[in-house]
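Peer 1: Would you mind keeping the following structure in view while I ask a few things?
The values are calculated or read from the model by the stated rules, or taken from the named source; none is laboratory data. None of the values given here were measured: they were computed from a predicted structure. In this analysis, Cβ positions are derived from the backbone assuming ideal geometry, glycine residues included, and neighbour counts consider all displayed protein chains. The accessibility values were calculated without ligands, DNA or RNA, using every heavy atom of the protein model including side chains. Shrake-Rupley method; radii C 1.70, N 1.55, O 1.52, S 1.80 Å.
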Amino acid sequence: MAEENGVKARSGSVQSIERAFGLLEMMADAGGMMGLSQLATASGLPLPTIHRLVRTLVDLGYVRQEPSRQYVLGPKLIRLGETSSHMLSVWARPHLARLVDELGESANMAMLDGDQIVYLAQVQSRHSMRMFTEVGRRVLPHCTAVGKAILAQLREAEVRDLLQRTGMPKHTETTITDPDEFTAQLRKAQTRGYATDEGEQELGVRCIAVAVPDVASRLAMSISGPAGRMSEDLVTRAVPLLTQAAQALSTDLR
């Protein structure tokens, strides 16, 4: 009986952890703020269970209660997120380095964070003229290959909602600023398995990107370089190598 009770206790603890992390993910997907009744509806859990889990998260500093009685993600999560981002960079770098060795151009990894793209890792080309993207830089997804590769994995309604929230500011003469044209490009990216940035963020720079499959975070890997060097022949060589690198990183992250 003692062993059986021990098994039940372990099972209950694991279930509580799963539920607690599930609530944190729901709050993140909802923009970081939800009420108890919203959490109960979204999770299908009884309100007393939700209340107990949320109070525990509040006590631990991972959730905070606002004067409105809504709950928001707490600042203690920032430390976990920063460390996780650093580890993603560590795991990605060997794959990015192989891309640079094989293709000669700078290789990047980026993630969709909220409505923005944040660059998490880069290995630079050894050419004297090369593309440099500062790790930690944030940009809007509509003008980047990594952003397009990630958004191509989402439902069109989600993409249009994001574009409505962020707008589609024009950075160069080739930046796409029409939602219909943009979603058509995403459908094209879905079909061929990669996305491009044809100088849409920065004139004279061309980027090719693929999404990292089957991971919890919305990630993409890319190569970028001067448009004159990023020829169609290089793109043809790059796509399968990027796809292999993204799959290998996905395997590492499981």
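Peer 1: Counting only protein heavy atoms, what percent of the accessible surface of the stretch 65-205 is carbon or sulfur at a 1.4 Å probe?
Peer 2: Ligands and nucleic acids excluded, carbon and sulfur reach 50 percent.
Peer 1: Moving on to the next point. Stretched out fully, how many nm does the piece from R69 to D180 gain, at 0.36 nm a residue minus the Cα gap?
Peer 2: 36.0 nm
Peer 1: Given the whole protein assembly as supplied and a 1.4 Å probe, what does the accessible area of H171 come to in Å², nearest 10?
Peer 2: 90
Peer 1: Rounded to the nearest 0.05, what FRET efficiency do H127 and L154 give with R0 = 35 Å and r taken as the Cβ-Cβ distance? Could you check?
Peer 2: 0.55
Peer 1: Any chance you could look up the accessible area of E134 with a 1.4 Å probe, heavy atoms only, rounded to 10 Å²?
Peer 2: Approximately 120 Å² for this residue.
Peer 1: Shifting gears a bit: Between D59, D101, D161, where does the largest GNM mean-square fluctuation fall for the chain, given springs only between Cα atoms within less than 10 Å?
Peer 2: With Cα springs under 10 Å in the chain, the top fluctuation among D59, D101, D161 is at D59.
Peer 1: Which order do you get for M27, M111 if you rank them by accessible area with a 1.4 Å probe, largest at the top?
Peer 2: If we order M27, M111 from most to least accessible, we get M111, M27.
Peer 1: A follow-up question, please. Run the Debye formula on the Cα coordinates of the chain, all scatterers equal and no solvent, and tell me log10 I(q)/I(0) at q = 0.15, 0.18 1/Å.
Peer 2: Listed by q, the Debye log ratios stand at -1.06, -1.32.
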